[in-house]
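These notes concern the structure reproduced below.
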Amino acid sequence: MAAYILRLRAALLLGSLRGDASHVTRVMLALLTLAAGVAAVCWATVSMQQAGPEVVLTVTVLAGAAVTTGFAAAPAIASTSDPLDPRRFAVLGLRTRTLAVVLIVAGLISLPVLVLAVIAGAAGTVWVAQGAPVVGAIFGVVFGILTCMLFARIAMAGASMFLRERRSRELTGLFLLVVLVVVIPGVVFFASLEWDGRVPSQLAEAVAVLSVTPLGAAWAFPLLFAASDGTAWVSLAVAVGTLLALVVIWIIVVERVLTTTERPSAVRERGGLGWFAVAPGTPGGVIAARSLIYWFGDRRYLVNIVVVPVAAAVTVLPLLVAGVPFSLAILIPVPFIALFLGWLPHNDIAYDSTAVWMHIASGVRGAADRWGRLVPVMLIGLPLLALLIPVAVAVHGRWALLPAMIGICVALFFSALGLSSIASAVAPYAVSPPGESPFQQPQRTSSRGVIAQGLVFSGAIALAAPALWFGWEALTGDIEAAVSALWFGVGVGVAVLVVGTAIGAFAFARRGGRIMEFAEAS
């Protein structure tokens with residue numbers, strides 16, 4: 001039976017080459033492109049034989065940890081069904097452990113694993129060239145491949161049980177945002193380091209940590225043995241322990257899948273729900289999904305989003321004209337963007353127009369309304385700031401200022417969000433109705449709109465004053481003040497966000513009638 005499953009898996013893999021001429025052509029072109037990419041990676045890997053052991057260890061561990069993370073995360077967003085889903089083999093009557101072992105072996109017959117095996121084999125030759133024992137290199141390659149494959153199998157089985165009905169293009173977009181938050185700042189950081197033929201201390205510390213974690217241990221221990229590093233045995237123990245733990249978890253998952261009724265295939269029915277299919281089925285999740293649709297579909301919101309970076313970039317021009325060095329002026333736009341982004345939802349209720357009655361009539365809690373409305377601006381602001389902060393610091397040239405920039409931006413962004421939650425419920429003012437031009441503003445009979453805008457704007461700056469002061473101290477000489485700016489900024493920002501949202505939730509619950517009167521009159 002095990003041999004039959006393996007032959008079936010190989011037939012499924014080769015079956016992708018069958019079909020009409022256009023399908024076969026597309027598949028062949030994709031395979032040729034993949035082969036060229038793999039060849040390029042293998043050539044780059046083998047060329048590291050001329051590098052020092054420390055550089056090889058750094059590249060191997062970082063790349064191996066990234067690949068392992070990718071194998072574990074990719075199934076969460078994959079829209080294709082798993083051909084090795086244990087439920088497909090339930091009719092064969094195999095014992096749970098036998099089926100789990102057979103599926104592990106069958107899981108090795110897949111294109112991603114085969115590609116990984118080729119690249120890992122090239123890395124193994126480099127390890128041997130750097131002095132690693134041949135047996136250790138073989139075990140390192142095998143452990144690394146098995147670890148990646150088991151992570152993928154467990155993640156895919158979990159996705160089939162819990163995430164199938166919610167995987168969509170919106171979830172893919174969220175995954176890409178996470179990639180932006182993690183990858184782009186990391187690339188900017190690596191590009192700013194000065195190698196000079198040696199590994200920078202920052203990377204050496206990161207590699208030392210990853211070498212004793214499940215993500216990097218399998219890729220690290222052969223080279224650690226070659227360098228006679230004392231942590232080699234610890235890394236080997238972690239790699240073996242991780243592999244054994246994943247096997248046990250996989251057996252438990254297979255048993256769980258076989259004894260759980262498969263969810264009905266409701267994907268197509270929910271396919272058109274967009275963000276509602278991704279958000280949790282809670283009041284706050286529903287409000288967040290509705291707000292996301294508005295923020296990414298209503299031109300009134302889109303204009304506000306586009307204006308923010310433009311307005312922040314314009315602030316650099318007067319500084320340059322006044323003679324401020326570009327390396328200093330480049331630090332100014334990012335805090336402005338953080339402040340403006342946090343300020344955007346200060347009148348969010350007014351943009352709902354009469355649709356706000358759904359929140360009030362359904363008796364939704366104020367906290368669900370307040371937090372749900374903040375989700376879109378957070379999904380926009382956090383990745384954008386994660387990209388712009390390291391870029392600005394890299395252009396400035398002093399990475400020691402990075403903690404200060406993070407603290408200042410967090411303080412401004414979160415403080416403005418917290419105050420906006422209060423202002424949106426306490427002092428909404430009329431805006432252009434849905435469908436109208438965002439540049440057409442209605443006449444206002446009171447000045448509370450101007451007051452609300454000013455209070456949110458100036459209040460966020462005042463609350464971020466400690467972080468701004470420490471940031472200025474770090475910029476002008478006392479670089480150790482950058483850490484103080486970080487902690488003050490994060491502490492104040494988070495506190496104001498939580499407290500401001502709680503006050504806004506209380507105000508929304510108490511002022512429901514007045515909010516409806518405003519919506520009807522505006």
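The values are calculated or read from the model by the stated rules, or taken from the named source; none is laboratory data. Predicted, not measured: the structure shown is a model, and the values here were computed from it. Positions of Cβ are generated from backbone atoms using ideal geometry, with glycine treated the same way; all protein chains shown enter the neighbour counts. Just so you know, the surface numbers come from the protein's heavy atoms only, side chains and all, with ligands and any DNA or RNA stripped out. Shrake-Rupley method; radii C 1.70, N 1.55, O 1.52, S 1.80 Å.
For the stretch 269-394, which semi-axes, largest first and in whole Å, follow from the square roots of 5 times the eigenvalues of its Cα gyration tensor?
Working: eigenvalues 245, 45, 29 Å².
Over the Cα atoms of the stretch 269-394, the ellipsoid semi-axes are 35, 15, 12 Å.
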> What is the gain in length, in nm to one decimal, between LEU108 and GLU517 on full extension, counting 0.36 nm per residue of separation less the C-alpha to C-alpha distance?
Replying inline: 140.8 nm
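Taking R0 as 30 Å, what FRET efficiency do you get between VAL314 and TRP399 from their Cβ-Cβ distance, rounded to the nearest 0.05?
Details: r = 27 Å, r/R0 = 0.89.
Taking R0 as 30 Å, the efficiency between VAL314 and TRP399 is 0.65.
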> For the pair VAL118 and VAL234, what calculated FRET efficiency results from E = 1/(1 + (r/R0)^6), where r is the Cβ-Cβ distance and R0 = 22 Å, to the nearest 0.05?
Replying inline: 0.15
> At a Förster radius of 25 Å, what calculated FRET efficiency corresponds to the Cβ-Cβ distance of VAL38 and THR69, to the nearest 0.05?
Replying inline: 0.80
> Once you put a point 7 Å from the Cα of ALA322 and another 7 Å from the Cα of ARG510, both along the Cβ direction, what distance in nm separates them?
Replying inline: 4.2 nm
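Among THR259, THR501, what's the order by accessible area (1.4 angstrom probe), most exposed first? Provide the component values of the computation, followed by the final result.
Working: THR259 110, THR501 0 Å².
In descending accessible area the options line up as THR259, THR501.
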> For the residue pair ALA462 and VAL134, what label-to-label distance in nm results when each label sits 7 Å from Cα along the Cα-to-beta-carbon direction?
Replying inline: 7.5 nm
> Separation between the VAL142 and ASP85 pseudo-spin-labels, each 7 Å from Cα along Cα→Cβ, expressed in nm?
Replying inline: 3.3 nm
> What is the extension gain from ILE293 to ILE479, computed as 0.36 nm multiplied by their sequence separation minus the C-alpha to C-alpha distance, in nm to one decimal?
Replying inline: 62.6 nm
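Per 0.36 nm of contour for each residue apart, how much would the distance between VAL209 and LEU244 grow if the chain were fully extended, relative to their Cα-Cα spacing?
Numbers: separation 35, 0.36 × 35 = 12.60 nm, distance 2.09 nm.
Extra length available between VAL209 and LEU244 comes to 10.5 nm.
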